[in-house]
Amino acid sequence: MSVEVTPSASAAPAAVPHLITPIPGPRARALMERDDAVVSPSLTRAYALAAASGSGYVVTDVDGNRFLDFAAGIAVASTGHAHPKVVEAIQRQAAELIHIAATDFYEPRYVELSERLAAIAPFKETARVFLCNSGTEAVEGAIKLARHHTGRPGLIAFEAAFHGRTMGALSLTNSKIKQRAGFGPLLPMVYHAPFPRVRSWREGTGGDGSAELEVLRRSILGRLIAPQDVAAIVIEPIQGEGGYFEAPPAFLRGLREICDEYGIVLIADEIQSGLGRTGRWWAIEHAGVEPDVITVAKGLASGMPLGAFIGRDSLFTWPPGAHGSTFAGNPVCCAAALATLDIIEDGLIDNAARMGARLKAGIEQVSSDCPAVRDIRGRGLMLGVEFGSHDEANAVEMAAFERGLLILECGEAAIRFCPPLMVDEVAVDTAIRLFAESLAAVGCPVRPVPGMDETGG
């Protein structure tokens, strides 16, 4: 697919990007110094963005510089920053009730949101929902549910997976060693199987995951843990932190068959890929596979802290008190989530598919002469661009930031594009142009688009 970026489409509104100081500016540098004195050094910062406000796909920093946001707070700002309907829902709810502890009392917004999530669950059986505060809590709850229901201890995840940083979720996480180093012992009887990392652009589309399924059957279930001891297999249909690799449909179908054969719970982690980002409610729907449990968080409440795990009704065999949370299902967060679902349902899923196709085609066009770009992959507005090395990816990420485009690295040497689902053609075409300029700035030959001069500026 090819996309023509016309001058009228590629010329972004005057508002974005709009850089008025060196990057970072003086106020940003001052804030960074204060941060360095008091904040935990465990936090990683991609670059020196000191955000002050946001609107739609625009983020303004403390110095007044405006950036085009194609990171969305790591795929969190699904409806864009400060969507008026989300803001109004938060304000209205905050004036009525902020907290009541849904683990002890009934609360209307908790019930309504659970009903809405159950209605879009990607399986035919009636669903039940547990609301929590984050993605890692959703994973913790899902593995607890699977262990309790099956009476089994074992868990299988995949190489390069990211499921969170609390101890249970961390035991499944396998994307970077620095996330696990120094925290052992982690959960016992957790095994990591190979994930089919299929590169779909320059290296062809081969690979259906059959070899990885064979390793899972023969080496993991055949030698390391008996299938009858496995409570759950946990997989991201599209790996997030691991590099935006999509699991082949045949591989997901094979996992479903293994789980059916041995009574294992299949958990789909859609914390980053869910809620319309790939052009469907859930990424696993593209493969036609039904999981038993699905975890969700990031884009659920447009930036408010909220997550959930949704499972088949027949799995919820645990008794009252087996799992709970003081803050989970907070009324204000639930109100934001209900507004978010309304907005997503009102055209954003289709928009993600259309704008994602335009973005991918544009990136492919400008990268076609750049040998450093090894692969371009993903679905909808969840796209990854892989480079030959981490240093190359990092250099492009920084060049983009200096030009007013916010993107983030993932995996070993990839850059992810995960903008708000409400991006339009102007934003997409501007992002393509800025990405091309960033490639040119680090010495990569690119096919220029209108609005980009010969030097890439």
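For the range 210-272, what is Rg from Cα atoms divided by 2.2 N^0.38 Å, rounded to two decimals?
1.12
List the pair-distance distribution P(r) of the range 40-190, using every Cα-Cα distance, as the percent of pairs falling in each 5 Å bin from 0 up to the bin containing the longest distance, rounded to whole percents.
Final binned percentages: 2, 7, 10, 14, 15, 16, 16, 12, 6, 2, 0, 0.
Rank ARG165, ARG217, ARG277, ARG116 by accessible area, highest first, at a 1.4 Å probe radius?
Highest to lowest solvent-accessible surface, that is ARG165, ARG217, ARG116, ARG277.
With the convex hull built on the Cα atoms of the range 365-424, state its orientation-averaged projected area in nm².
4.4 nm²
Arrange the peptides 30-37, 428-435, 257-264 so that the one whose residues have, on average, the most other Cβ atoms within 10 Å appears first.
428-435, 257-264, 30-37
Not counting ligands, DNA or RNA, and with a 1.4 Å probe, what is LYS176's accessible surface area in Å² rounded to the nearest 10?
Counting only protein heavy atoms, the figure is 60 Å².
Compute the label zone of GLU412 within the range 172-203: residues whose backbone N is under 20 Å from the point 7 Å along Cα-to-Cβ.
Counting backbone N atoms under 20 Å from the label point, the list is 173-181, 192-203.
In the range 126-208, which chymotrypsin sites (Phe, Trp or Tyr not before Pro) are in a loop and have at most 15 other Cβ atoms within 10 Å, using DSSP for the loop call?
Sparse-neighbourhood loop chymotrypsin sites (Phe, Trp or Tyr not before Pro): PHE183.
With a 1.4 Å probe and every protein chain left in place, tell me how much accessible area MET304 has, in Å² to the nearest 10.
50 Å²
If you bin every alpha carbon distance in the chain into 20 Å steps from zero, what whole percent lands in each bin?
25, 57, 18, 0
For GLU33 and GLN228, calculate 0.36 nm times their separation in residues minus their Cα-Cα distance, and state this gained length in nm to one decimal.
Additional length available on full extension: 64.8 nm.
Largest first, how would ILE100, ILE376 line up by accessible area (1.4 Å probe)?
ILE100, ILE376
So for the range 47-91, considering every pair of alpha-carbon atoms, how many percent are separated by more than 16 Å?
37 percent
I'd like the isolated cysteines in the chain, meaning no second cysteine's beta-carbon lies under 4.7 angstrom from theirs.
CYS132, CYS259, CYS333, CYS334, CYS410, CYS418
On C-alpha positions alone, give me the angle between the axis of helix 108-119 and the longest principal axis of the chain, in degrees, nearest 10.
Between the helix axis and the principal axis of the chain, the angle is about 90 degrees.
Pairs of alpha-carbon atoms within less than 8 angstrom and 6+ residues apart define the contacts here; what relative contact order does the range 308-400 have, in percent?
So the answer I get is 17 percent.
Using a 1.4 angstrom probe with every protein chain in place, what is the largest-first accessible-area order of TRP282, TRP318?
From most accessible down to least: TRP318, TRP282.
Please name whichever of PRO41, THR340, ILE284 sits farthest to the positive end of the charge dipole of the chain, dipole taken about the Cα centre and charges placed at Cβ: Lys and Arg +1, Asp and Glu -1.
It is PRO41, whose Cα lies furthest towards the positive end.
Per DSSP H run of at least 4 residues, take -39500 (n - 2.57); add these up for the chain, divide by its residues and hand me the 222 nm value, nearest 500 deg cm²/dmol.
-10000 deg cm²/dmol, from helical runs alone.
Counting pairs of alpha carbon atoms under 8 Å apart in space and at least six apart in sequence, what relative contact order in percent does the chain give?
23 percent
How long is the gain from ASP342 to SER314 if the chain were fully straight, where each residue apart is worth 0.36 nm and the alpha carbon distance is subtracted?
Contour length minus the Cα-Cα distance gives 7.3 nm.
Place a point 7 Å from Cα of GLU96 in the direction of its Cβ. Which residues in the range 332-370 have their backbone N less than 14 Å from it?
Those under the cut-off are 332-339.
On full extension of the chain, what length is gained from GLU203 through GLN179, given 0.36 nm per residue of separation minus the C-alpha to C-alpha distance?
5.7 nm
Per the Kirkwood definition applied to all pairs of different Cα atoms, how many angstroms is the hydrodynamic radius of the range 197-316?
Result for the range 197-316 stands at 15.3 Å.
For the range 116-155 and the range 183-200, write down the distance between their C-alpha centroids in whole Å.
20 Å
List the relative contact order of the range 340-457 as a percent without decimals, with contacts defined as Cα pairs under 8 Å and 6+ residues apart.
Answer for the range 340-457 is 28 percent.
The values are calculated or read from the model by the stated rules, or taken from the named source; none is laboratory data. In this text, all values refer to a predicted model and were calculated from it rather than measured experimentally. Ideal geometry is used to build each Cβ from the backbone, glycine not excepted, and the neighbour counts take in all protein chains shown. Ligands, DNA and RNA are excluded from the accessible area calculation, which covers all protein heavy atoms including side chains. Shrake-Rupley method; radii C 1.70, N 1.55, O 1.52, S 1.80 Å.
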